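> If you scroll down you'll find the structure; I have some questions about it.
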Amino acid sequence: MKLFYTPNSPYARVCRIVADAHGLTDALELARVPLRDTASALIPLSAMGRVPVLVNGDLVLSEARHICAYLDEKAGTAPSVAAYGDWPLVASEAAALAFLDAVTVWTREMRRNEDERSPFLLQAEEEQVMRMIGHYDGVLEAPAGSPPLNFETICIAVAMGSLDFYELALNWRDNYLTLAAWIDAYNALPIMRDTVPTAAAMNLFTR
Ligand SMILES: N[C@@H](CCC(=O)N[C@@H](CS)C(=O)NCC(=O)O)C(=O)O
């Protein structure tokens, strides 16, 4: 199996964390690709050219959630993705993915030249993100032992990692102590440290 990715893509990071949790790291070849580059090796496989994309034989799978469900099936152990039917879990997973989407839109907009940024978009995303931070501070509890890794928790942890990396929602830790303790438990995991976004891997326009 091959995962097309960029080191700083939060969606690819979610997939890499799920692969690690399933012990599938060795089975997953990582192929780093440029974004918004017509010469990318990914484009002949997936016309959108977005990452992550998982390729296994004839199967070309995009969307982080579907890739994680596929990795779940390959691992055959406790799934990371909620099963349709477990609607409360499906709902909280969808909220976590929407949170990651909002963080990603915000960080993407902030990487544009200052005079090109949309104040409307920045305000809308900041409001959504801050509401979700307040929500998670109210409903999450710092894990007593090893933090539970599933699609929902990983999306939240990766979203918070993006905020910290791009220095958005600065000082959120001052007001949201429960969420801060929760995220500290995740950030201490080796796979979280190994996949953290870096300035070296940063591409101003394409992530
Ligand atoms: N809904 C997709 C989002 C994937 C996505 O937005 N990927 C970004 C990188 S984080 C991308 O490839 N962007 C390239 C582009 O927009 O041209 C998922 O869940 O995987």
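> Among ASP164, ASP72, ASP194, which one shows the highest mean-square fluctuation when the chain is modelled as a Gaussian network with alpha-carbon springs under 10 Å?
Comparing ASP164, ASP72, ASP194 in a Gaussian network model of the chain, the most mobile one is ASP194.
> Nearest 0.05, what FRET efficiency do ALA95 and ASP184 give at R0 = 22 Å with Cβ-Cβ as r? Let's see the in-between values first.
On the way: r = 22 Å, r/R0 = 0.99.
Efficiency computed from Cβ-Cβ geometry: 0.50.
> Can you compute the FRET efficiency between TRP87 and LEU121 using 1/(1 + (r/R0)^6), with r the Cβ-Cβ distance and R0 = 30 Å? Round to the nearest 0.05. Working shown, then result.
Details: r = 31 Å, r/R0 = 1.04.
Approximately 0.45, to the nearest 0.05.
> Right, another one. If the chain between ARG193 and HIS66 were fully stretched, how many nm would it gain, using 0.36 nm times the residue separation less the Cα-Cα distance?
Values: separation 127, 0.36 × 127 = 45.72 nm, distance 2.39 nm.
Full extension of this stretch gives 43.3 nm more.
> Kirkwood hydrodynamic radius of segment 124-192 from all distinct Cα pairs, in Å?
Values: mean 1/r = 0.0813 Å⁻¹.
Taking the inverse mean of 1/r over all distinct Cα pairs, segment 124-192 comes out at 12.3 Å.
> Taking DSSP loops as anything outside H, G, I, E and B, show the longest stretch in the chain free of GluC sites (Glu not before Pro) there with at most 10 other beta carbons within 10 Å. Walk me through the intermediate numbers first.
Working: sites that count: GLU141, GLU167.
Longest site-free region, per DSSP loop and neighbour criteria: 1-140.
> Remind me, relative contact order of the chain in percent, using alpha carbon pairs under 8 angstrom and six or more residues apart? Walk me through the numbers on the way to the answer.
On the way: 262 pairs, mean separation 53.6, N = 207.
Once divided by the residue count of the chain, the mean separation gives 26 percent.
> Along segment 36-41, what does the Karplus equation 6.51 cos²θ - 1.76 cosθ + 1.60 (θ = phi - 60°) give for ³J(HN,Hα), rounded to whole Hz, x for Gly and Pro?
For segment 36-41, the Karplus-derived couplings read 6, 9, 5, 8, 4, 5 Hz, x marking Gly and Pro.
> Related question: Give me the distance in nm between label points sitting 7 Å out from Cα along the Cα-to-Cβ direction at GLU73 and THR38, one decimal.
Placing both labels 7 Å beyond Cα along the Cβ direction yields 3.5 nm.
> How are the C-alpha pair distances of the chain spread across 5 Å bins, as whole percents from the shortest bin up?
1, 7, 15, 19, 20, 17, 12, 6, 2, 0
> How much length is gained on full extension from GLU114 to MET48, taking 0.36 nm per residue of separation minus their Cα-Cα distance?
Values: separation 66, 0.36 × 66 = 23.76 nm, distance 2.69 nm.
Stretched fully, the GLU114-MET48 segment lengthens by 21.1 nm.
> Follow-up question, since we're still on this one. Around ARG65, under 11 Å between beta carbons, what's the net of Lys plus Arg minus Asp minus Glu among the other residues?
On the way: positive: none; negative: GLU63, ASP72, GLU93, GLU152.
Value of the local net charge: -4.
> Now, a different point. Which percent, to the nearest 5, of DSSP beta bridges fully inside the chain are antiparallel?
In the chain, approximately 65 percent of DSSP beta bridges are antiparallel ones.
> Also: May I ask for the Kirkwood hydrodynamic radius of segment 48-150, worked out over all distinct Cα pairs and given in angstroms to one decimal? Don't skip to the answer; put the middle values down first.
Details: mean 1/r = 0.0611 Å⁻¹.
Answer for segment 48-150: a Kirkwood hydrodynamic radius of 16.4 Å.
> Next up: What's the longest piece of the chain with no exposed chymotrypsin sites (Phe, Trp or Tyr not before Pro), counting a site as exposed if DSSP puts it in a loop and it has at most 15 other beta carbons within 10 Å? Write out the running numbers ahead of the final one.
Numbers: sites that count: TYR84, PHE205.
Maximal segment without exposed cleavage sites: 85-204.
> How large is ³J(HN,Hα), in whole Hz, for each residue of segment 137-149 in order, when computed from phi with the Karplus curve 6.51 cos²θ - 1.76 cosθ + 1.60 and θ = phi - 60°, using x for Gly and Pro?
Each residue of segment 137-149 in turn: 4, x, 10, 8, 10, 4, x, 6, x, 5, x, x, 10 Hz.
Each value in this text was obtained by applying a stated rule to the coordinates, not by laboratory testing. None of these values were measured; they are calculated from a predicted model. Cβ: placed from backbone, ideal geometry, glycine included. Neighbour counts: every protein chain shown.
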